[in-house]
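Undergrad: Please read through the structure below; I'll follow up with questions.
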Amino acid sequence: MGASEKFERLQGSGERRLPDPLKKPGERAVASSEEWERGRREEVLRLFEEQVFGAAPVGRPERMTFEVERTEGWMEGAAVRKQVRIRTEGPGGENVIRLLLFVPAGTEARPVPAFLLINNRGQEHMDATRERRTDFWPAEAIVARGFAAAAFDNADADPDRHDGFRDGVHGAFDPPGAPRPSHAWGTIGAWAWAASRAMDYLETDPGVEASKVAVVGHSRGGKTALWAGATDPRFAMVVSNDSGCTGAAVSRGKAGETVRQINDRFPHWFCENYKAYNDNEDALPVDQHMLIGLIAPRHVYVASATEDLWADPQSEFLGLTFASPVYRLYGMEGIAGAMPGPEQPLHTNGMGYHLRTGGHEMTVYDWERFMEYADKFLNNKC
């Protein structure tokens, strides 16, 4: 089934129809951005908290400090390196998130926009010495383009394993001795919370223009980036690469990975309530286009790959298409029409999309498109 056929099926009547982001069943649709923000947006956000990602028990902790080690002369003198230890403390103990940041030299008097990577591929992809470089996080290219390059290892916030939510920030901040409710935050919620703590630091850094920070993630990190952008309006741009199921891809009618498969393989990623929708996606009160809609009016960019059938590029593209009515409330362009072919980026003032030839990866090609979009719509260079 092609993207246009899938679009018609999901638009039509019957059990496969997607929920409307702008209204509850049987009610009038909101007609303005003011109406959206006064009520419907909060309803949708709460549904994702209660049924999918879970609710964090704390926002910005009262006990949080930043320890910064600053050194100059990196990238042949083009950048300043900052290694930041974001130390937080909750009732269950302490957690430390290590943030690595390269800012273009001389920017402390003229701050620049930044890309913040939620790194789900391990420390080898964010080597502070720059002896090992990978396309997954091309820090040199990001800095050369005039952006600050920031990254943190998601395992610092919560190791990607199901241990009963005892380690990481769950162990530090879950109420001690109390049973976990069925809507308690999962691991993806913990990683998104960590992205917000990184943003807490970036707001203090004189080299970063904090109003122009893009949060980026690949695969499970792409799911996390969308949730971070939905819950934290300080992110001016959200980039979700190959995020698939419970990411950018609509769940109803999705090919490849299903809700049951993701819950069976990764039972710790989401809240317990989400398991009620195994083989039961049509009962979900939300779908992923509504998650994307929560980011409006900030910029959102979704990227897919031709061989990444598990993620289902068509359903990722439709996530943007069906989120577009929310963007139009703000007078912004969404995405409509046919899905573009490989290496044919589609950029509007609200959304970006491209389909890259290849498999499940984040490459220099992807980063170049993210930076092109940010130059045009976030940094106003084009």
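Undergrad: Given axes a ≥ b ≥ c from the Cα gyration tensor, I'd like to know whether region 323-382 is rounded (a/c under 1.5), prolate (a/b larger than b/c) or oblate.
TA: oblate
Undergrad: Mark the label point 7 Å from the Cα of Trp310 along Cα→Cβ and return the residues of region 217-234 whose backbone N is within less than 20 Å of it.
TA: Of the residues in region 217-234, 217-226 have backbone N under 20 Å from the label point off Trp310.
Undergrad: Okay, next question. When you count, for each residue, the other Cβ atoms within 10 Å and take the mean per peptide, how do 314-320, 181-187, 354-360, 29-35 rank with the highest first?
TA: Answer by packing, highest mean first, reads 314-320, 181-187, 354-360, 29-35.
Undergrad: Please compute the modelled spin-label separation between Arg63 and Asp375, points set 7 Å along Cα→Cβ, answer in nm with one decimal.
TA: Each label point is offset 7 Å from its Cα along the Cβ direction, giving 4.7 nm.
Undergrad: In whole Å, what is the distance between the alpha-carbon centres of region 183-244 and region 333-382?
TA: Cα centres, region 183-244 to region 333-382: 19 Å.
Undergrad: May I pose another question? If you place +1 on the Cβ of every Lys and Arg and -1 on the Cβ of every Asp and Glu, how big does the dipole about the Cα centre of region 274-382 come out, in debye to the nearest 20?
TA: With Lys and Arg at +1 and Asp and Glu at -1, about 540 debye.
Undergrad: Ok, one more. Sort Tyr365, Tyr327 by heavy-atom solvent-accessible area, probe 1.4 angstrom, most to least.
TA: Ranked list, largest accessible area first: Tyr365, Tyr327.
Undergrad: Could you please report the charge total around Ala323, scoring K, R as +1 and D, E as -1 over all other residues with beta-carbon less than 13 angstrom from its beta-carbon?
TA: Net charge in that neighbourhood comes out at -1.
Undergrad: Quick one: what do you get for the chain if you divide its Cα Rg by 2.2 N^0.38 Å?
TA: Scaled against compact globular proteins, the figure is 0.94.
Undergrad: Amide H of Ala248 versus every other amide H placed in the peptide plane: which residues, excluding those fewer than 5 positions away on the same chain, fall under 5 Å?
TA: Amide H neighbours of Ala248: Ser243.
Undergrad: Quick one: if you stick a label point 7 Å off each Cα along the C-beta vector at Arg260 and Tyr330, how many nm between them?
TA: Inter-label distance under the simple model: 3.8 nm.
Undergrad: Using the Cβ atoms and a cut-off under 15 Å, what net charge is assigned to the surroundings of Glu272, where Lys and Arg are +1 and Asp and Glu are -1?
TA: Around Glu272, the charge tally is -1.
Undergrad: Next question, about the same structure. About its Cα centre, how strong a charge dipole does the chain have in debye, to the nearest 20, once Lys and Arg get +1 and Asp and Glu get -1 at the Cβ?
TA: Once rounded to the nearest 20, the dipole reads 520 debye.
Undergrad: Here's something else I'd like to know. Would you mind telling me the antiparallel percentage of the DSSP bridges in the chain, rounded to 5?
TA: Among the beta bridges of the chain, antiparallel pairing accounts for roughly 50 percent.
Undergrad: Among 288-297, 219-228, how do they line up by average Cβ neighbours within 10 Å per residue, starting with the highest?
TA: 219-228, 288-297
Undergrad: Let me ask another. Counting only heavy atoms of the protein chains, get the accessible area per residue of the chain (1.4 Å probe) and round it to a whole Å² value.
TA: Result: 38 Å² per residue.
Undergrad: Follow-up question, since we're still on this one. As an exercise, identify the GluC sites (Glu not before Pro) in region 103-198 lying in DSSP coil whose Cβ has no more than 10 other Cβ atoms within 10 Å.
TA: In loop regions of region 103-198 (DSSP not H, G, I, E or B), the sparsely surrounded GluC sites (Glu not before Pro) are Glu131.
Undergrad: Could you quote the convex hull projected area for region 71-193, Cα atoms only and averaged over all directions, in nm²?
TA: For region 71-193, averaging the hull's shadow over all directions gives 8.7 nm².
Undergrad: Keeping all protein chains in the complex and leaving out DNA, RNA and ligands, what accessible area do you get for Phe66 with a 1.4 Å probe, in Å² to the nearest 10?
TA: Counting only protein heavy atoms, the figure is 60 Å².
Undergrad: Calculate for the chain the 222 nm mean residue ellipticity that helices alone would give, adding -39,500 (n - 2.57) per DSSP H run of length 4 or more and normalising by residue count, nearest 500 deg cm²/dmol.
TA: That comes out to -7500 deg cm²/dmol.
Undergrad: If you roll a 1.4 angstrom probe over the protein chains with everything in place, what fraction of the accessible area of the chain belongs to carbon and sulfur, to the nearest %?
TA: Looking at the chain in its full context, I get 48 percent from C and S.
The values are calculated or read from the model by the stated rules, or taken from the named source; none is laboratory data. Because the structure is predicted, anything quoted here is derived from the model rather than measured. Cβ: placed from backbone, ideal geometry, glycine included. Neighbour counts: every protein chain shown. Surface areas here come from the heavy atoms of the whole protein model, side chains and all, with no ligands, DNA or RNA. Shrake-Rupley method; radii C 1.70, N 1.55, O 1.52, S 1.80 Å.
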